[in-house]
Amino acid sequence: MEIVERIREEARKALEEKKVELIIGFEEGSLPLRTTPAFIKSIDAVERLIWNATCENNLANYLLRLKIKGKVGIVAKGCDARSIINAIKERQIERDMVFIIGVPCTGMVDRKGIKERFDEAEILEAIEVNGQIKVKGERFEGSFNISDFLYDSCKTCTQKTPSLYDVIVGDEVKEREDVDEFREIREFEKKSPDERWAYFTREIESCIRCYACRNVCPLCYCKECFIDQSRPQWFGRSIDESDRMIFHIIRVFHTAGRCVDCGACERACPMGIDLRKLTKKVEKDVVELYNYKAGIDLETVPPLATYKEDDPQEFIK
Amino acid sequence: MNLDEVDSKIENWEPKIIAFLCNWCSYAGADLAGISRIQYPPNVRVIRVPCSGRVDPFFIIKSLQAGADGVLVSGCHPGDCHYLTGNYFARRRFTILKNILEYIGIEEGRVNFSWVSAAEGEKFATVIKEVTESVKALGPAKRLIKRFNYRKL
Ligand code: SF4
Ligand code: SF4
Ligand code: SF4
Ligand code: FES
């Protein structure tokens, strides 16, 4: 059976048995190569659920923002499941209040890359078959391998099969062990402080402070974000370089030991800012210093909620 | 006039360094340095905090944005924290924060950390000397400073 059929079957069952009040999944979007989160409450609507290589949203975000008392079902890829684990660990949701339909994921396609490939011409139709996507526009037709156009975060993903689920649809995907997910960061670290400063100021110069990166992130569930606080107002909301930079410094600090590199923030950014350069750095430090990866299991204590007496401290006088 | 031009006009520039000192150790260490009449550079502005664990990253970043040329956070030695583990947790946060700051291009040496006990008046003076010298060598801070409002020359 195809994955999408199995997702629908599990969703139908869960709703029928009144195990859940709602299923969060994906449905067809209004544009080609787009899907949109679906909130399914009735059995009739289950048919709307779909699964393909454009189901890129991190659905865990909705789990945290919904105001629903009962149990919720959710379709979860590897990174979504990691975010759900985070949320359980951080006591934002209870394990038995969520029914996870795990989907082993083979990666999501980077729409921007595809657009570039077809010289930004408008794609009017896209069909996915067997690891390939056929696209059609007004004056062109073409097809490509999904694996050639994956998001950067999918290329280096090491947890494609959900690490937590109640049912799993589809076969486990072999995890890659040969990826060096921090290579880019190490390269970047070799640059001089001046070059790095120049790079980030240039990137962040275009930040319009829409906060889409924050709103889309399943870690940023704070009732009041530091940047919205007004008593005291710690940091300004202006587009002064320092204000913009500080928003990003603190946001990324808040992802320490929590970010699962789902890539949602970078995808959400309307200005195409290289946010992964920041999040991935912190992820790397946490792995190297405290040997911790977010969202792998329910037991290990998050790195900033614990300590070791012999933690590294060479920098302290 | 941009900051570079402004700074080139300041003669005899002296760095301003904000020091967050834990009440139980480093602050007392500073006191001891004073009582013992140990000389150290007058560039630090001390802010007393109950524990190094109280030092929110906001404090450090806000200092930089407000125009501090350097920041020092100092607490009790590991194992000696008045609240037992405050500095252990803080140490992890500081590590991550310092790495982020240096990664985006804040010069190494702007933001400093130390453990100074109440008995270490000498060490306090040495730390202040070291920090002042390293900040002096870096010159006036230019990054992360808010262009308006703060920098009063
Ligand atoms: S910071 Fe970005 S990549 Fe990390 S979990 Fe949040 S949205 Fe995903
Ligand atoms: S940036 Fe920090 S304070 Fe704001 S929502 Fe995210 S975690 Fe919370
Ligand atoms: S989504 Fe992009 S433009 Fe919007 S606040 Fe985040 S970085 Fe800035
Ligand atoms: S009381 Fe001094 S560091 Fe905690």
Worksheet item: Based on DSSP H runs of at least 4 residues, each adding -39500 (n - 2.57), what is the mean residue ellipticity at 222 nm of chain B after dividing by all its residues, to the nearest 500 deg cm²/dmol?
Response: -13000 deg cm²/dmol
Practice prompt. Determine the residues within region A:225-247 where the difference in accessible area between the chain on its own and the full set of protein chains amounts to at least 20 Å²; count protein heavy atoms only and use a 1.4 Å probe.
Written response: A:234, A:235, A:240, A:241, A:242, A:243, A:246
Response to the item:
Env charge @ residue A:232, Cβ radius under 12 Å, K,R +1 / D,E -1, value +1
Worksheet item: If we count trypsin sites (Lys or Arg not before Pro) as exposed when they sit in a DSSP loop and have at most 16 other beta carbons within 10 Å, what is the longest stretch of chain B that avoids them all?
Response: B:38-141
Item to complete: Determine the total buried accessible area between chain B and chain A, counting protein heavy atoms only with a 1.4 Å probe; round to the nearest 100 Å².
Response: 4000 Å²
Worksheet item: Working from the pairwise distances between different alpha carbons, so that the mean of 1/r is found and then inverted, what is region A:74-191's Kirkwood radius in Å?
Response: 16.6 Å
Response to the item:
With N residues in chain A, Rg(alpha-carbon) / (2.2 N^0.38 Å) equals 1.04
Worksheet, complete the sentence: Which of A:199, A:165, A:292 fluctuates most in a GNM of chain A (C-alpha springs under 10 Å)? That residue is A:199
Worksheet entry | Cα centroid of region A:256-288 to Cα centroid of region A:82-161, whole Å | 17 Å
Worksheet, complete the sentence: To the nearest Å², the heavy-atom accessible area per residue of region A:1-97 with 1.4 Å probe amounts to 47 Å²
Fill in: Average projection area in nm² (convex hull over Cα atoms of chain B, one quarter of hull surface)
8.9 nm²
Response to the item:
Result for chain A, cysteines with no Cys Cβ partner under 4.7 Å, is A:55, A:105, A:154, A:157, A:207, A:210, A:222, A:225, A:259, A:269
Discussion item. Whole angstrom only: what separates the Cα centroid of region B:71-103 from the Cα centroid of region A:164-188?
Written reply: 32 Å
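Given a 1.4 Å probe, how much area per residue of region B:13-87 is accessible, in Å²?
So region B:13-87 comes to 42 Å² accessible per residue, rounded to a whole number.
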Worksheet item: Using a Gaussian network model of chain A with C-alpha springs under 10 Å, which one of A:139, A:209, A:258 is most mobile by mean-square fluctuation?
Response: A:139
Item to complete: Would you work out what percent of the accessible area of chain B, with all protein chains in place, is carbon or sulfur (probe 1.4 Å)?
Response: 52 percent
Worksheet item: Considering chain B as a Gaussian network with a 10 Å cut-off on Cα pairs, which listed residue, B:75, B:139, B:109, attains the greatest mean-square fluctuation?
Response: B:139
Worksheet item: Looking at region A:296-317, which residues lose a minimum of 40 Å² of accessible area between their chain alone and all protein chains in place, measuring with a 1.4 Å probe and not counting ligands or nucleic acids?
Response: A:304, A:307, A:309, A:313, A:315, A:316, A:317
Discussion item. Keeping every protein chain present and rolling a 1.4 Å probe, give me the accessible area per residue for region A:147-293 in Å².
Written reply: 47 Å²
Discussion item. Are there any residues in region A:190-205 with a reduction of at least 10 Å² in accessible surface when going from the isolated chain to the assembly of protein chains? Probe 1.4 Å, please list them by number.
Written reply: A:193, A:194, A:196, A:197, A:200
Item to complete: Only Lys, Arg, Asp and Glu count, each charged at its Cβ (+1, +1, -1, -1), so figure out the dipole size of chain A about its Cα centre, rounded to 20 debye.
Response: 900 debye
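Using the Cα centre as the reference, give the magnitude of the dipole from point charges on the C-beta atoms of region A:1-86 (Lys, Arg: +1; Asp, Glu: -1; all else neutral), rounded to the nearest 20 debye. Before the final figure, lay out each step's value.
Details: 15 positive and 13 negative charges, 96 e Å.
Dipole about the Cα centre, nearest 20: 460 debye.
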Practice prompt. With the full set of protein chains in place, find how many percent of the accessible area of region A:1-150 is carbon and sulfur; take the probe as 1.4 Å.
Written response: 44 percent
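Sum -39500 (n - 2.57) across every DSSP H segment of at least 4 residues in chain A, then divide by the residue count to get the 222 nm mean residue ellipticity, nearest 500.
-9000 deg cm²/dmol
The values are calculated or read from the model by the stated rules, or taken from the named source; none is laboratory data. If you're wondering where the values come from, they're calculated on a predicted model, not measured in any experiment. Quick reminder, even Gly has a Cβ in these numbers, built from the backbone with ideal geometry, and neighbours come from all protein chains shown. Accessible surface is based on the protein model in full, side chains and every heavy atom, while ligands, DNA and RNA are left aside. Shrake-Rupley method; radii C 1.70, N 1.55, O 1.52, S 1.80 Å.
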